[in-house]
Each structure stands twice: as structure tokens, then as C-alpha cells.
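Taking it in order: structure first as C-alpha cells, then the write-up.
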């Protein structure tokens, strides 16, 4: 059975992306594989950007480790405590099963920069310059990680006949059994967004930019569409995202991220060193 915009019925929903189940390869789950691959891609790209921009690659290697740990821990904590605490309060051991999915992007966006900024500040280096490297390298890696989200459809949206609808097997509240439904896939949409931003970054990188340029524009250009994308999230599932005063935690994060990017753009851009 399939479900259309108005409810459950037998008429098929035509969508570009038919229903599929991404298989495990031995003990390797598709979500974990793509997230780990994305992290590796970001680390490699960060090293190359550092070399091109004349920054210390050894410092970047250490920074990458701090940022990754801070990002994953923050992403997990926000997911558990702000989104899905009801699923973990009686199963605390499941909090550590990160390979099964369950990360909040904005949890990572908060913790990773804080940890990274602290590390670079302790080294008495330019925080914004290394921040530019991190966000430049982060976008392509995040795109690859979102392929993992799409593979398991862990960010289902509302029922739709949009041409990018993905068919998913879900059990809405009140349904006796799971149905295959065509819905928005927010993991897919977010991956498309970061892919576009990655391409824009590489285009911008054809000539030197002020220090803080990528931090500012990356923050703002991600925050605005992400805020509106969250209105497409499902509300009819038992594990739908928690809302606070009608907004998801990610929407509040988008507002903060937009303000942060605007602050950097208007107050904190720095000229490149004369030797660059």
C-alpha cells in the first residue's frame, strides 16, 4: 500500500526516487560508512587548503581531531537531549550507539567551532583563518555524510508529490502497520544544499578572499534555506522532531547562525597577510 497527500489508499504515488532499503555490508552500516567517509574527505581537503593558503598543516591535523570529536559529541548530545530524550531515558546505553544514526547537525555546528576556536586560540593563531579552512573543507564532507542520511531516510518530511519525493516505509501515528509513502527527504535536500555551497566555495576560491569570508558567507547561506527546510519535516510520526514554540531546535540554530555570520561579515573580516 502507498499513501498519498490525502491519506492511505491503493493508488501508486509516482516519484523520482522509488522505495529502497540500503543494505549493510557485513558489520558496516550505510549511514556510518558515508559519515566516516565524509569526515575523511574533509580532513584531506583541509590539509590541501592549508597548504594552498600557507597555514601550518601540522596544526590543522591536530585541529581536525579536536573538531571531529567536538562535533560528533555535540551532535549526539543535542540529538539525545533536545530531540529524542524520550527514546533514551530508559535506555541510556543507546546514547553511545552513534553508528545507528541520530546526530543533530546544529549540535555539531555549535560544539565543533567552540572546541576548534579554543584550540587555535591556545596556539595563539588566527581563529578566523583556520575557521575558513574548516568550513571550506566541511561542506563537501557534510554532503557525503548526508548521502548516508538519505540511504536510511532518517530525516523524513511531510507527504508530498514533489518531484524529488522519496518513497519511504513509515508508520504514521494511528496507522496499524507501516506504509510506503512519498515524502520530502530532508537529508537529501540538505545534501543538495551543501553540494551547491561547496561548488560556490570552489568558485570563490579562484581568487584570494578576506579572512573570515567563508565563515561568514557559509554560515549565512546555510542558515537561511535550512530554516525554511525544517518546515517540511514530518509531524505525523511518533519520532517527529520536537518543536519549541512552533520551531525545531535547528530553526533556532539557524537564526543564531545567521546572526553570527552577519556579525563576522560586518565586523570581523580581516585582510589577508601581505605574504599570502
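Quick look at the values:
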item	result
Which of 66, 118 has the fewest Cβ neighbours within 10 Å, and the rest in rising order	118, 66
Top of 42, 104, 61 by mean-square fluctuation, Gaussian network on the chain, Cα under 10 Å	61
Sequence-separation-based contact order of the stretch 137-276, relative, with Cα cut under 8 Å and 6+ spacing, percent	26
Ordering of 198-206, 109-117 by burial proxy (mean other Cβ atoms within 10 Å per residue, highest first)	109-117, 198-206
Within the stretch 2-268, percent of DSSP bridges classed antiparallel, to nearest 5	80
Residue order, fewest to most beta carbons within 10 Å, for 194, 248	248, 194
Relative contact order, percent, the stretch 180-256 [alpha-carbon distance under 8 Å, six or more residues apart]	32
Span from the the stretch 26-53 Cα centroid across to the the stretch 111-172 one, whole angstrom	12
Rounded if a/c under 1.5, otherwise prolate or oblate - the stretch 2-268, Cα gyration tensor axes	prolate
The chain - percent relative contact order, Cα under 8 Å, separation 6 or more	23
Candidates 229, 92, 128: whichever shows maximal mean-square fluctuation once the chain is modelled as a Gaussian network with Cα springs under 10 Å	92
The stretch 181-235: C-alpha gyration tensor shape, a/c 1.5 cut-off, then a/b vs b/c	oblate
Candidates 151, 234, 175: whichever shows maximal mean-square fluctuation once the chain is modelled as a Gaussian network with Cα springs under 10 Å	175
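Throughout, read-outs are computed from the coordinates displayed, never taken from laboratory work. Model, not experiment: these values are computed from the prediction. Note: ideal-geometry Cβ built from the backbone for every residue, glycine included; neighbour counts use all protein chains shown.
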